[in-house]
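Visitor: This is the structure I have questions about; it appears just below.
The values are calculated or read from the model by the stated rules, or taken from the named source; none is laboratory data. Remember, it's a predicted structure, so these values are computed and weren't measured experimentally. In this analysis, Cβ positions are derived from the backbone assuming ideal geometry, glycine residues included, and neighbour counts consider all displayed protein chains.
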Amino acid sequence: MNRATIWFVAAVSIAAVTVIGRMFGTPPNTVGFVYLIAVLLLSVTGGLLIGTLASIVAALCYNFFFFPPLYTLNVETPANWFSLAAFFIAAVIGSRLVAAAHLQAVRESDALKTSLLRAISHDLASPITAVSIRTESIRRRAGKDRDLMEDVTAIAEETSRLRRRIDNLLSMARLEAGKTKPHREPTPPADLFRTARESLPMVPMIVRVADDCPDANVDPSLTLEILVNLIENAHRVSPAGVPIELAAAKHPGDASMLRIEVLDRGPGLPRATEGDVAQRGLGLEIARSFAAANGGSIGHVPREGGGTIALIDLPAARSGLGTGSN
């Protein structure tokens, strides 16, 4: 829920309590409890700022509509002053406690997720190393057995891809835990594309970099992993032999950004999931995490003629233009 929506919900909630309370002639004490519940729920949804402001507005409405003399902000008796003050103090303290508890729960959840991710990644590293060693042993003994050599090569490639996923997960866990930070530097997209080609020699690629494309202000190693993960996703769904296209240019709507595109000729996005393709798996989630760490974002759109375009928006370096390439 975005900030504007939360403000709207807060205003509607306080207004609804007021209107219903006046409509049914609800006793002031009951209305006060309902206001307090509304404030606490808004604190959970919107945080401390929303909860505090809702407390103030609720106290004003409580006074104006339910304490005599009605429709003024005057308070007639000391007892009403006490009730109003007690309500306001309870609402503010309650909203602060709820917001603090909610924030603590989110932090603990993130910490638990990061710890589990690191533990799982480390537990997987040992068996992957053992598989790699066994695979090389079988490769040496395969000799001229062509079928066995093809199987061993396929196992080695998949093992390498899984190892890279594990390394990516560990990097993502360290980033989310705040133990590492991206080391940004001006990086030409052409260099990223060239390194991606070297990392995935079995994937045919076509590369285009616009002459006026700026360098990216990113961590090169993290950005390379973004590309590799998205290229692997695109290659997996593309017809055999059809190259993956990589393109880089100035961002069409933001001069401070550049846009890298990964284009495939796969089956495209299901209509119900366009713009949100979490079903494409772990590689996409890793790429999204690394893009966000670099101050960028990832999106997907259908490609004209069939297929999908992965859009990678990244910060542009302040100086320097990339070198065009075909």
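Visitor: Being of a type in the set (A, V, I, L, M), assigned to a loop (DSSP other than H, G, I, E, B) and in contact (Cβ under 8 Å) with a residue 12 or more places away in the chain is the requirement here; does V75 meet it?
Guide: On the way: of a type in the set (A, V, I, L, M): yes; assigned to a loop (DSSP other than H, G, I, E, B): yes; in contact (Cβ under 8 Å) with a residue 12 or more places away in the chain: yes.
Yes: the conditions hold for V75.
Visitor: Another one. Out of (1) touching a Ser or Thr at 6+ places or on another chain (Cβ under 8 Å); (2) of a type outside the set (A, V, I, L, M); (3) modelled with pLDDT under 80, the odd one out for T77 is which?
Guide: (1)
Visitor: Okay, next question. May I ask you to list the residues in segment 200-228 that are in contact with an Asp or Glu (Cβ under 9 Å, 6 or more places away or on another chain) and assigned to a helix (DSSP H, G or I)?
Guide: Of everything in segment 200-228, those that are in contact with an Asp or Glu (Cβ under 9 Å, 6 or more places away or on another chain) and assigned to a helix (DSSP H, G or I) turn out to be P220, E225.
Visitor: Then there's this: Among the residues of segment 130-138, is there at least one that is acidic (D, E), assigned to a helix (DSSP H, G or I), farther than 30 Å from G25 by Cα and over 32 Å from the mean Cα position of the chain (by Cα)?
Guide: Within segment 130-138, one or more residues are acidic (D, E), assigned to a helix (DSSP H, G or I), farther than 30 Å from G25 by Cα and over 32 Å from the mean Cα position of the chain (by Cα).
Visitor: Now for a separate question. Suppose we filter L230, L246 for residues that are closer than 19 Å to G266 by Cβ, buried (at least 22 other Cβ atoms within 10 Å of the Cβ), touching a residue at least 60 places away in the same chain (Cβ under 8 Å) and in contact with a strand residue (DSSP E or B) (Cβ under 6 Å, 6 or more places away or on another chain); which single one remains?
Guide: Values: L246 fails: touching a residue at least 60 places away in the same chain (Cβ under 8 Å).
Going through L230, L246 in turn, just one is closer than 19 Å to G266 by Cβ, buried (at least 22 other Cβ atoms within 10 Å of the Cβ), touching a residue at least 60 places away in the same chain (Cβ under 8 Å) and in contact with a strand residue (DSSP E or B) (Cβ under 6 Å, 6 or more places away or on another chain): L230.
Visitor: Of the residues V34, V44, which single one is touching a Gly at 6+ places or on another chain (Cβ under 9 Å), in contact (Cβ under 8 Å) with a residue 24 or more places away in the chain and either in the same structural domain as E150 (by TED's automatic domain parsing) or assigned to a helix (DSSP H, G or I) (or both)?
Guide: V44
Visitor: Which of the residues spanning segment 231-263 are modelled with pLDDT under 95 and closer than 13 Å to H300 by Cβ?
Guide: N233, A234, V237, listed by residue number.
Visitor: Of these, S115, S55, S109, which one is among the hydroxyl-bearing types (S, T, Y), touching a helix residue (DSSP H, G or I) at 6+ places or on another chain (Cβ under 6 Å) and assigned by TED's automatic domain parsing to the domain that holds R165?
Guide: Selected residue: S55, the only one of S115, S55, S109 that is among the hydroxyl-bearing types (S, T, Y), touching a helix residue (DSSP H, G or I) at 6+ places or on another chain (Cβ under 6 Å) and assigned by TED's automatic domain parsing to the domain that holds R165.
Visitor: Counting only residues that are in a helix (DSSP H, G or I) and of a type in the set (K, R), which one in segment 161-199 is modelled with the lowest pLDDT?
Guide: R174
Visitor: Same structure, new question: Could you tell me whether A100 is surrounded by 12 or more Cβ atoms within 10 Å (Cβ to Cβ) and modelled with pLDDT of 80 or more?
Guide: No; evaluated as a whole, the condition is false for this residue.
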